[in-house]
Structures are given as C-alpha cells and as structure tokens.
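The values are calculated or read from the model by the stated rules, or taken from the named source; none is laboratory data. Note that the structure is predicted; figures quoted are calculated from it, not measured. Backbone-built Cβ (ideal geometry, glycine too); neighbour counts: all protein chains shown. In case anyone asks, the SASA skips ligands and DNA or RNA and just uses the protein heavy atoms, side chains included. Shrake-Rupley method; radii C 1.70, N 1.55, O 1.52, S 1.80 Å.
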Amino acid sequence: QVQLVESGGGLVQAGGSLTLSCAAPGRTLSTYGMAWFRQAPGKERELVAAISWGVGIRDYLDSVKGRFTISRDNAKTTVWLQMNSLTLEDTAVYYCAAAQGRRIASMREVDYWGNGTLVTVSS
C-alpha cells in the first residue's frame, strides 16, 4: 500500500500561481508513473498531467499545456505540479495518483490515490 499526501492547494486569484506537492512518506516513487487528476464540482475526474517513471515522459491536458508543469525530484520522493496563469476553470480538487511500473493515461492505470487538495481560483 502506498500512501500519497498532497499539499499546496488553496485560494488564488485568476492569473496567479500555485504549486502542488505529492509525497509518499517513508518510500520513494522511483518505479511509479505519477499523475495529477482534478475533479471540479459536477464534473468527472480528468487527467491533468502525468510523468512516467524512468525517463520522465510528460503528458498534459490540452487546456493546461503551457501553463502547468509536472516534475519529480531526482530522488523520486516528490512530485510537483506547478500551475501558472490560473483561470476560474482550474478550480477543482486535485488528486495525486501513482501506478506501479506504468505510465498513467487514464484512471484505469492508477493503483493509488491521494485524498486530494482543493484549488480555488477567484476572479
């Protein structure tokens, strides 16, 4: 069992920035594909950004390309989501996700979920 702990959510004005962090206390994430999903009120959970294990191939939701960046540290203990130029449409609960030895392309690949962190963008 892998426990994922997210942090960094909060309230931000439109156009602002936030950085979300995800860690697995007591273990590394070096062999896990990692991703950030989000779920807005009344909407389905969607994949926002993913990074593969190994070479670190990145994938992004079209609406966040050029604004969000997913990254992981060399020790593979933490994954971040840097979010810039935030809009009202980015308001959602953001979830960290992990998949053992697999690249995450959808919810189907996910083995472990964090509890989520709320990001609220105000006008």
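A few comments on the model shown:
- Anisotropy class of segment 58-99 from Cα gyration tensor, a/c 1.5 cut: prolate
- Residues within the reach of a label modelled at T87 (point 7 angstrom out along Cα to beta-carbon, backbone nitrogen below 18 Å), restricted to segment 1-39, are 12-18, 38-39.
- At a probe radius of 1.4 angstrom, the accessible area of the chain per residue rounds to 50 square angstrom.
- Carbon and sulfur %, accessible surface of segment 30-123 computed with the full protein complex present, 1.4 Å: 50
- The chain - convex hull of the alpha-carbon atoms, volume per residue in Å³: 92
- Label point at Q13 placed 7 Å out along Cα→Cβ; residues across segment 59-96 whose backbone nitrogen lies under 15 Å: 85-88
- Taking GluC sites (Glu not before Pro) across segment 1-109, the ones in a DSSP loop with at most 10 further Cβ atoms lying within 10 angstrom of their Cβ are E44.
- Once both labels are positioned 7 Å from their Cα atoms along Cα-to-Cβ, the gap between S122 and S21 label points is 2.5 nm.
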